[in-house]
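What follows is one structure encoded as structure tokens, with my remarks underneath.
Values quoted throughout were computed directly from the atomic coordinates according to the rules given, and no laboratory measurement underlies them. In this text, all values refer to a predicted model and were calculated from it rather than measured experimentally. Glycine gets a Cβ as well: all are built from the backbone with ideal geometry, and neighbour counts include every protein chain shown.
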Amino acid sequence: RYDYRVPNPARRGEFYAEVLYKCNNGYTFDPSRPDTMFCSERRWIGKRPICVPQSDVVPHDPTRPPCSESQQITLGCEHICYLHSSLTPTCECHDGFLLTEDEKCEDIDECVDDPEICDHICINKPGTYMCDCKPGYTSQGSACMDINECLLNNGHGPCQDECHNLEGSYSCGCGGLPGTQLSRKDNHTCKSEEGCQDNNGGCSHKCIDSYNQIFCLCPEGYELDEDWKTCMDIDECETGALECISKCVNLPGSAVCECEPGYGGDDCEDINECLTQDLVCDHECINTPGSAHCICEKGFDLLGETECMDVDECEEDNGGCDQVCMNKKGSFECGCNPGYHLKADNASCFDVNECELGIGNCGIFGDCFNTPGSFYCDCHSGFELFEGTCVDTDECTKDSKLCGDSGLCQNLEGSYDCKCTSGYKFNNITCVDIDECIHNPCGHGDCINESPGYTCSCHSGYVDVDGVCRDYDECLHSNPCGPGGKCTNKPGGFDCECAQGYEFKHGFCHDINECSTDPCGQHGDCINTEGSYDCSCHKGFRMGNKKNSSLCLDIDECLESPCFHSECKNTLGGFECICKTGFALSKILPNTVCVNILGSHYCRCYEGYTKDQMGNCLLRDECRASKRPNGGCQQLCVNVPGGLKCDCNPGFMVDPTDPRLCIDKNECLLDNGGCEHACINKLGGYVCSCHLGFKPDERNPERCVKAEACSVNNGGCSHTCKSTESGLHHRCTCPPGYKLKADARTCKPTSGICASAARPSHGYFRCNKKKVGGYFVKGTKCKLKCRKGFQPTGRMVQKCISNGTWIGNMKDHSCEIMDCPPLPPLHNGVIQPESCTRDSSPRGSKCLFSCNNGYELSGVNKTRCTRLSQWKRIRATPPKCNPTFNRPHIYCPRDMVKPLPNDSESAYVMIPKPKTNVDWF
């Protein structure tokens, strides 16, 4: 950032030097330091000057006073705002910037404007530029001077022997070492023409074979070990060979001085990031030791590190305003709604009585009424408000359909009249259809008036025939009475004559369940059938022989002489054997009958029973024993003594053409299924449905009650359904930011607003505009902010555009936990686990430090990754492995180069004393 030159006016034998500095374009000297240094007693006197960026503060010019804060905000000047002689505010830019047509300051690219401004490389920067040189050259302001690499290392430079300086480079030679030649491998070292071929002479680094003598050499910053072959790195920081103001960092073969972050220069002085533009703040930059931070003016909040965002004072308690709060950059103002004036406290509002002030001039056909914040004109009937005055309403022009499609509208003062066509009449509002239904032309039905004409809604049992409801013969095409009844038509309905075994119930001939009266008696089971019933008598009983007799009679088993060597005595439902003298009664198994055979007897199972392995008679499972699956039944198989029968699930009935199959039972054929409105048959059942404007009764779903239009399926609206006063009609509405589609039911977003996203975990969105009706308006910018210990992922800034979407999906980002960075390796030690130095470590991770043999640990012996993603205590007391004993050493000073003064043949050289920890001569 500066140029310097060193004139040497001293005579022979004298020492004198002066350095004059000059700052590059865009920079100026730090006023706390001079721009010149002097050499006295072989030492430079004074501090080296520092060039800093030119200050943004513009010297006061009485002829051009600065603008006020409000003028600068209104005009939007980026850099400088002046009042010219006409007191007109004008924007200007700092040096190095150009004012554009939109009052913005655009950086001037000096490298493009003047390609020859630098000898080699030109680097443009905001408001200025910087020159750099190619390798082999050093920068002297805008000029580049060749670096004489051969001046170092006692004239050898980076070469082992001879060094020849070239423009921007150098070359090496081996003329000073007979018997050697320049290595083709590195072009720097001298290689013996015959020696050092075998294992590099045992040297760890350089090997020289001179006059049949092998020498091991170490590069700068290394020293030979006791074996005179291995080169060991010299820790210049530990030996004190390099004295640093701040921090010394040892490197292989050398060491460097470094400054702590936020410090720089030879003396490690604090860097003013505000002047170097390393931190560019919206408002004010505050430099601190080793760092800097931005602060904002009153009325602004810091967004991030540099950006100042206006605080919307109106967001909290409406800024204290009674009605309207208007946010401004850095401030706010209170206002009032129309019809109100601001009080002297500049916050409260009072109502203006427009009627008393004559503002509400309603005219002779209306009355003025004051309201809070406004007024209204109550125009007389037939008049309307036009430009603040009540005038006659031309109803005919205002509504071309006022009289409908069947009338001609004629305007009158304060009213109108309709001339209606035939079939219509004027009802003082419009032309309405004449209601023909007044005289009930339909007869057995309800008359529905239409425009024009009418239709008939006939009662049950009647149909519309040419506008008259006539009887419908239900018996003509089907038998609504069912298979057990005879249908006879009658006006408006029909009668059912049920056959024997059926009864009329709910408009249908239902099978009588004769079993409910227990016709089979206590000794039999009743099985109901269509139109009749069957009796299944218990063991020991039979059906009576009398005609129409259904009682189960006792069987006289003694007629078959079931007893042997005994007398048979008949009992109710059985018998008993009374043995003769000398005989005992044998056991008779249940469900069996004893069959006498010649010389013996056996037990036979009743019909429908079978013997098991123990000889017991059990009811046979005919459904399972059948060769057909499920006994050949489509749905249910029922075992009965001596066989099986098929039955159906609820909602189905046995197919009369095939008793094995089941068909759907149409419940709606019988008395409309019991439904008040509509019956809808379904497979295996039915449902009752209600007409439009009705809903099922919660206590009896077969009945229907009146219902509001919005109560059923929300009226078909996607958002809000609003019913009319009658409840029979409705309309769909949308929330703010939405509008109805063409179907008048579904809502879609309006353009220019964006929906807000869910608050991200461990973070929040900071937006420059507040929500309106739960939505953000076009142009809103939202920035993702994360809590401490978390970092944002994805796009940090989103913008709402006119099509209602965000540039950068607001869902594609989150706040993720920050990890601690990998630890640097511990010299002469080990860090466990190995992942501590290889990868980033999550919060809560622990790392342990230990030293190799011969070294001891100083500083912390462990560290932990904190919730702020920082290693605990590692900065304050860093771990270090120190040797447990001091090895004797002598460190010689580095090679020196002393340029001879003009006209001099010799010079005085002060050689630094070698550093050592032993006594030496």
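For the reader, a short list of remarks on this structure follows.
- The Cα atoms of segment 829-885 give a gyration tensor whose axes a ≥ b ≥ c have a/c of 1.5 or more with a/b no greater than b/c, which makes the shape oblate.
- Hydrodynamic radius (Kirkwood) for segment 394-434, which is based on Cα pairs only, to one decimal in Å: 9.9 Å
- The ranking of His156, His565 by Cβ neighbour count inside 10 Å, starting from the fewest, reads His565, His156.
- Overall form of segment 315-379 per C-alpha gyration tensor (a/c, 1.5; a/b vs b/c): prolate
- Segment 298-306 - phi-based ³J(HN,Hα) in whole Hz, Karplus 6.51/-1.76/1.60, Gly and Pro as x: 4, x, 10, 10, 6, 10, x, 9, 10
- Neighbour-count order for Glu413, Glu236, fewest beta carbons within 10 angstrom listed first: Glu413, Glu236
- Values of log10 I(q)/I(0) for segment 558-664 across q = 0.19 Å⁻¹ run -0.95, by the Debye formula with one identical scatterer at each alpha carbon and no solvent.
- Note on segment 829-885: with charges restricted to the Cβ of Lys and Arg (+1) and Asp and Glu (-1), its dipole about the Cα centre is near 380 debye.
- The Thr916 and Ile123 beta-carbon pair, evaluated with R₀ = 45 Å, returns a calculated FRET efficiency of approximately 0.45.
- Peptides 393-402, 814-823, ordered by how many other C-beta atoms sit within 10 Å of their residues on average, highest first, read 814-823, 393-402.
- Under-5 Å amide H pairs with Phe575, H placed in peptide plane, nonlocal only: none
- Divide the volume of the convex hull around the Cα atoms of segment 77-182 by the residue count and you get 126 Å³ per residue.
- Considering helices alone, the calculated mean residue ellipticity of the chain at 222 nm is -500 deg cm²/dmol, with DSSP H runs of length four and up weighted by -39500 (n - 2.57) and normalised per residue.
- Under 5 Å from the amide H of Arg542 lie the amide H atoms of Leu553, Asp554, Ile555, each residue being 5 or more positions distant or on a separate chain, with H modelled from the backbone and absent for Pro and chain starts.
- Nitroxide proxy distance, nm - points 7 Å out along Cα→Cβ at Asn666 and His439: 4.1 nm
- Simple point charges give the picture: +1 on the Cβ of Lys and Arg, -1 on the Cβ of Asp and Glu, and for the chain a dipole about the Cα centre of about 4100 debye.
- Under the Debye formula (equal points on every Cα, no solvent term), log10 I(q)/I(0) of the chain at q = 0.06, 0.09 Å⁻¹: -0.86, -1.31
- Segment 640-725 shape via C-alpha gyration tensor axes, a/c threshold 1.5: prolate
- 3J(HN,Hα) couplings calculated from phi for segment 593-598 with the Karplus curve 6.51 cos²θ - 1.76 cosθ + 1.60 (θ = phi - 60°) are, in sequence order, 10, 7, 10, 7, 10, 4 Hz; Gly and Pro show x.
- Sequence-distant residues sharing a close amide H with Lys505 (under 5 Å, placed H): His510
- Between Leu619 and Ile680, the FRET efficiency estimated from the beta carbon spacing at R0 = 35 angstrom works out to 0.25.
- Cα-Cα P(r), segment 166-281, percent of pairs per 10 Å interval: 13, 26, 23, 20, 12, 6, 1
- Measuring max minus min along each principal axis, the C-alpha atoms of segment 148-233 give extents of 40, 29, 20 Å (largest first).
- Sorted by Cβ neighbour density within 10 Å, fewest at the top, the residues Thr288, Thr239: Thr288, Thr239
- Taken one residue at a time, the phi angles of segment 359-375 give Karplus couplings (6.51, -1.76, 1.60, θ = phi - 60°) of 6, x, 8, 8, x, 7, 9, x, 10, 9, 10, 7, 10, x, x, 6, 7 Hz. Gly and Pro are set to x.
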